[in-house]
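These notes concern the structure reproduced below.
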Amino acid sequence: MSLRPLNVGLIGGGAGAFIVHPHQRAIHFDGTRRVVAAALHPDPKVALAEAERWAYPIKGYASYDEMIADQAGKPIGERLDYVLIVTPNHVHFDPAMKCIAAGLPVFCEKPLTVTLDEADKLVAAVAEHKIPFGVAHTYLGHWTTRFARHIVRSGLIGDVRWVDAYYLQGWLADRAEDQGVLQAEWRVDPKRAGASCCGGDIGTHALMHLRYITGLEVQRLHADLETFVAGRQLDDHFTAYCELSNGGKALVRATQIAIGHKNNLGIEVNGTRGSLALEAETPEHVTIRLSGQPDRVYYRGAVSADDGFLKDLPEELMAEPTIPSGHPEAFHDAFARLHRCFEADVRAYQDKKPFDCDGSKYANIADGRMGIAFVAAAVKSAHNGGTWTAV
Ligand SMILES: NC(=O)c1ccc[n+]([C@@H]2O[C@H](COP(=O)([O-])OP(=O)(O)OC[C@H]3O[C@@H](n4cnc5c(N)ncnc54)[C@H](O)[C@@H]3O)[C@@H](O)[C@H]2O)c1
């Protein structure tokens with residue numbers, strides 16, 4: 001029997017917004033989820049008008065308060081099954097808290113909040129209500145990121161010594177915020193973005209890649225948050241030198257002023273036996289380099305479980321329902337994989353069955369909080385002249 005499609009409500013996403021669109025495509029990707037409602041804008045009139053103009057019929061709400069309140073008392077099947085929050089950073093905490101209190105699972109954009117205090121409150125609320133909560137660290141949804149996680153965590157490249165995790169962009173190399181670029185305006189404003197622009201916006205993606213693939217935590221760091229474009233209050237260049245929980249070292253670096261770089265997220269993990277490299281702009285392969293051997297390049301969909309190097313590749317990696325190798329997957333597929341995994345947890349939650357939400361399939365609330373703690377430590381270190389600071 002076909003599954004009832006899950007009903008998703010959007011918070012944010014009207015009037016020229018960006019990230020809502022990859023998300024809404026990913027929600028519809030499998031036919032088992034659909035967007036049915038939205039509070040698209042802070043101005044109630046615009047919110048309703050934007051919902052009217054949406055590409056397919058949805059129920060528009062004047063505000064997210066109204067959308068959340070409208071779910072009260074409705075049985076499962078008639079109410080929203082989960083809510084996607086795609087507003088600027090300062091409008092994550094309030095709607096997320098209200099959804100949790102209303103029993104609505106939340107998939108929230110990153111960075112989770114603008115302060116660590118808010119992140120702590122969300123962690124407590126999720127624990128109290130025992131509800132699925134995902135954080136949209138997109139790149140964890142690539143098959144190759146999961147493959148890399150298996151390789152590193154199963155020890156195939158040895159003990160991790162050194163990690164270079166980076167996210168390089170060039171779109172804020174001049175004052176895009178003065179040229180009517182909606183996405184730039186709020187990102188350089190501390191009230192709406194938080195204490196860091198570059199570190200919070202994309203440094204957290206690099207951090208999440210590092211944590212997800214290696215299973216290691218950043219214990220302490222020393223950081224520089226730099227502003228190359230005059231007149232900005234926040235960093236457009238972020239560098240954190242990190243000590244990892246196994247004693248290894250890492251560089252988590254991000255920049256938004258590297259002209260020519262688009263969304264160059266990548267990671268290189270160096271272990272005692274070999275190294276692994278992965279870049280999100282070419283997300284279909286992972287390169288492994290072992291001492292004294294030719295480089296191995298593994299493509300999604302073209303691996304065997306045991307090939308002399310790979311061992312015991314998990315069934316879920318082999319069986320993942322994807323298109324054949326050579327028909328490229330990319331950004332939207334990664335988002336779809338995250339929503340697909342979140343959907344499974346939402347269905348289990350509704351059936352009162354155990355659900356994972358353990359960070360192995362998508363970033364969870366603890367991961368989201370760790371991103372905020374990392375940025376807070378980096379800001380503190382930079383303010384103190386780059387001193388070693390505990391995360
Ligand atoms: N995961 C990723 O790869 C990724 C990529 C880009 C952005 N993001 C994150 O997504 C979020 C949104 O970023 P964006 O670039 O799409 O921003 P955007 O400025 O393009 O869109 C934000 C939307 O939120 C709406 N909004 C603001 N306040 C609201 C309110 N009170 N009620 C309802 N709607 C409201 C705006 O009107 C707009 O439609 C940010 O937190 C950002 O960090 C994540």
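Here are the numbers for the structure shown:
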read-out: Net +/- balance of residues flanking I131 in space, Cβ distance below 15 Å, scoring K and R +1, D and E -1; value: 0
read-out: Evaluated at q = 0.15 Å⁻¹: base-10 log I(q)/I(0), Debye formula over Cα of the chain; value: -1.44
read-out: Where GluC sites (Glu not before Pro) fall in DSSP loop in segment 265-318, at most 16 other Cβ within 10 Å; value: E281
read-out: Total charge dipole magnitude, the chain, about the Cα centre, Cβ charges on Lys, Arg, Asp, Glu only, Debye to nearest 20; value: 440
read-out: Summed residue charge, Cβ within 9 Å of G60's Cβ, Lys/Arg positive, Asp/Glu negative; value: -1
read-out: Under 5 Å, built H, 5+ apart or other chain: amide partners of H261; value: G170
read-out: Antiparallel DSSP beta bridges within the chain, percent to nearest 5; value: 60
read-out: Segment 254-326, relative contact order in percent, only Cα pairs under 8 angstrom and at least six apart counted; value: 17
read-out: Calculated over segment 273-344: convex hull of Cα atoms, volume per residue (Å³); value: 113
read-out: Using a Förster distance of 45 Å, the FRET efficiency for D178-T272 (Cβ separation, nearest 0.05); value: 0.35
read-out: Bins of 5 Å, starting at 0 and running to the largest distance - Cα pair percent for segment 42-143; value: 2, 12, 20, 23, 20, 14, 7, 2, 0
read-out: Modelled FRET efficiency - R0 35 Å, W388 with F18, Cβ distances, 0.05 increments; value: 0.45
read-out: Mean residue ellipticity (222 nm) of the chain, computed from DSSP H runs ≥ 4 via -39,500 (n - 2.57), nearest 500; value: -9500 deg cm²/dmol
read-out: Positive-end residue, segment 106-253 charge dipole about Cα centroid, Cβ charges, pick of I151, I202, A165; value: I151
read-out: Euclidean distance between Cα centres, segment 13-61 to segment 173-204, Å; value: 23
read-out: Estimated distance in nm for a label pair at A55 and Q219, the labels positioned 7 Å out from Cα along Cα-to-Cβ; value: 4.8
read-out: Sorted by Cβ neighbour density within 10 Å, fewest at the top, the residues L210, L310; value: L310, L210
read-out: Listed residue (L84, M1, V35) projecting farthest to the positive dipole end of segment 1-141, Cβ model; value: M1
read-out: Extent along principal axes [Cα atoms of segment 316-391; Å; largest to smallest]; value: 50, 40, 19
read-out: Inter-site label distance for D43 and R289 at 7 Å from Cα along Cβ, in nm; value: 5.3
read-out: Entries in K59/K121; K74/K352; K130/K361; K98/K353; K191/K380 that, when Cα-Cα distance is taken, lie over 21 Å; value: K59/K121; K98/K353
read-out: Estimated FRET transfer efficiency (D312, A366; beta-carbon r; R0 22 Å; 0.05); value: 0.20
read-out: Kirkwood Rh in Å, taken over all unlike Cα pairs in segment 113-172; value: 15.2
read-out: Neighbourhood net charge (13 Å Cβ-Cβ; Lys/Arg +1, Asp/Glu -1) for S275; value: 0
read-out: Global size of segment 173-252 as Cα Rg and Dmax, reported in angstrom; value: 14.4, 45
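Read the figures in this text as sums done on the coordinates, not as results from a lab. Note that the structure is a prediction, hence the values are computed from the model and not measured. Please note: Cβ atoms are built from the backbone with ideal geometry, for glycine as well, and neighbour counts cover all protein chains shown.
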